[in-house]
Structure formats: C-alpha cells, structure tokens
Amino acid sequence: GENVEQHPSTLSVQEGDSAVIKCTYSDSASNYFPWYKQELGKRPQLIIDIRSNVGEKKDQRIAVTLNKTAKHFSLHITETQPEDSAVYFCAASTNGQNFVFGPGTRLSVLP
Amino acid sequence: DVKVTQSSRYLVKRTGEKVFLECVQDMDHENMFWYRQDPGLGLRLIYFSYDVKMKEKGDIPEGYSVSREKKERFSLILESASTNQTSMYLCASTSSEEEQYFGPGTRLTVT
C-alpha cells in the first residue's frame, strides 16, 4: 500500500523567511496530493492541492510542486507570518479514496 | 459551507465498553472516512466508505468496525474499548472533487 514520509518533523523560521516541507510517496497510482494546515485544537483545513497532471500550483504565498518521477512533492510558504504557525500534513490519494497522510510538520514562525 | 459534525467533542469510557462515534455530513458526499490522530503519527486511516452499506479497511482497522446505513452518516464502533484506543478521532467526507472536509474531532479517553 501507499506510504507517505514527511520532513522535517519540526521547522522554525524567522518571520518573513520561506519555509519548505517535503513529502515522498511510494504508490505510483496516487494522483491527488493535498496539504492541510491544522492549528492547535482545530480541525485540519485544506490549504492547497495538486493533481498528478500538474507540476506546480501557486496560491498567493503558498505553492506546491510535484515530481512524479521521483515521487515527491513539496510545500513552499514565502514571506512567512506568525499566523502560519501550525502543523502541516501532506497526503496522497488515488482517485479521492484511500488517503494516506504524512506524520506532520510543526512549523513555528518566530517574530 | 460544507458541514461535517461529530456527535461528541470529548468522551470518557471504561475498558471493555462498546463505544459509538457518529459523523454526519450535509453535502451529499459519496466518500466518508474515519481517522485517528496521535502525536508524531499524523492521521491514520481506520476505515472509509464510498457508498451506503459499503466499507473498506484502512491502515489500522483492528479493534474497530463501521456502519453506513445512510449516505450522510458514518459511524465508528469500538466493540470493546481498550486503553490503546485513547486518541483523537476525526471524521472526513469528500465529493468527487476530492477535497476532504474534516469534522471537529472527538477526543476519546479510555480508562
């Protein structure tokens, strides 16, 4: 079955710097890769996603890149702000069914 | 707005009790999921369902069962609760567009 690894497990950056979180997956049939942000005590919320027919997607300060050959995808946050502090999860799915999540990255943005 | 609700935010049960966790979504989504979330392990899929009366095992189904008698409701059942089932339980649903919407979570403590 699918296995998703995520690195780093914790990340601290200065406000205004960029943050990059990387995930790898094992199942070449996976075709949908969402990223979720979970603030303390709240439910995970989708922040960006990418499908396997696209190499990059951007939404304001957030971007995701996908390398299907290497089976990895990354989340990039530019100009980080304190409100970006949260736990971020990547996931891989085949046709929106069996979602497998990475273990999460705790991002701290230091003022 | 999609709403995914869970029957309880906090639950305390004794070892050996039968526990029901209920999840309801109001957007006519086909797919519904149950995860447990533990520190350092991210979200792990217990079971999912892609249609009424249909269910599929996820990565950690042992000790759990599910029921989906109506499209909007997906129940997770712990036949005989054990202390290692103390966790945060998250329900989610998706349409064919694949974005997962999460419920607020149920923090279950088994003593």
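The values are calculated or read from the model by the stated rules, or taken from the named source; none is laboratory data. On a predicted model such as this, the values are computed, not experimentally measured, just so you know. Positions of Cβ are backbone-derived with ideal geometry, glycine not excepted, and every protein chain shown enters the neighbour counts. When the accessible area is computed, the model is the full protein with side chains, heavy atoms only, and any ligands, DNA or RNA have been set aside. Shrake-Rupley method; radii C 1.70, N 1.55, O 1.52, S 1.80 Å.
Data table
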read-out: Residues losing 40 Å² or more accessible surface upon assembly, region B:24-46, compared with the chain by itself, 1.4 Å; value: B:Q37, B:L43
read-out: Rel. contact order, % - alpha carbon contacts under 8 angstrom, at least six apart, chain A; value: 37 percent
read-out: Ranking by accessible area, most exposed first, for A:Y32, B:Y101, B:Y64, B:Y10 with a 1.4 Å probe; value: B:Y10, B:Y101, B:Y64, A:Y32
read-out: Semi-axes of the equivalent ellipsoid for region B:11-111, Cα gyration tensor, largest first, Å; value: 22, 14, 12
read-out: Inter-site label distance for B:T111 and A:D27 at 7 Å from Cα along Cβ, in nm; value: 3.9 nm
read-out: Accessible surface of chain A, 1.4 Å probe, proportion on carbon and sulfur as whole %; value: 45 percent
read-out: Farthest positive-ward along chain A dipole, Cα basis, beta-carbon charges - from A:F99, A:L66, A:G16; value: A:F99
read-out: Total accessible area lost when B and A pair, probe 1.4 Å, Å² to nearest 100; value: 1700 Å²
read-out: Loop-located trypsin sites (Lys or Arg not before Pro) in region B:1-104, at most 13 other Cβ atoms within 10 Å (DSSP); value: B:K3, B:R9, B:R14, B:K18, B:K53
read-out: Length gained when the stretch B:S80-B:E17 is fully extended (0.36 nm per residue, less Cα-Cα span); value: 22.2 nm
read-out: Extension reserve of the B:L41-B:I60 stretch, reckoned as 0.36 nm per residue once the Cα distance is removed; value: 5.6 nm
read-out: For A:I77, net neighbour charge (Lys/Arg +1, Asp/Glu -1) across residues whose Cβ lies under 14 Å away; value: 0
read-out: Peptide-level mean, for A:39-46, of C-beta atoms on other protein chains within 10 Å; value: 4
read-out: Shielding of B:56-63 by partner chains, average beta-carbon count, 10 Å; value: 2
read-out: Extended-chain gain in nm, criterion 0.36 nm per residue less alpha-carbon gap, A:T69 and A:T94; value: 7.4 nm
read-out: Relative contact order of chain B, defined on C-alpha pairs under 8 angstrom at six or more residues apart (%); value: 36 percent
read-out: Net charge dipole size for chain A [Lys, Arg +1 and Asp, Glu -1 on Cβ; Debye, nearest 20]; value: 240 debye
read-out: Candidate aspartates and glutamates for bridging to A:K22, where Cα separation is under 13 Å - those fewer than 8 sequence places away on the same chain excluded; value: A:E5
read-out: Net charge of Cβ neighbours under 14 Å - reference A:A63; Lys, Arg +1; Asp, Glu -1; value: -1
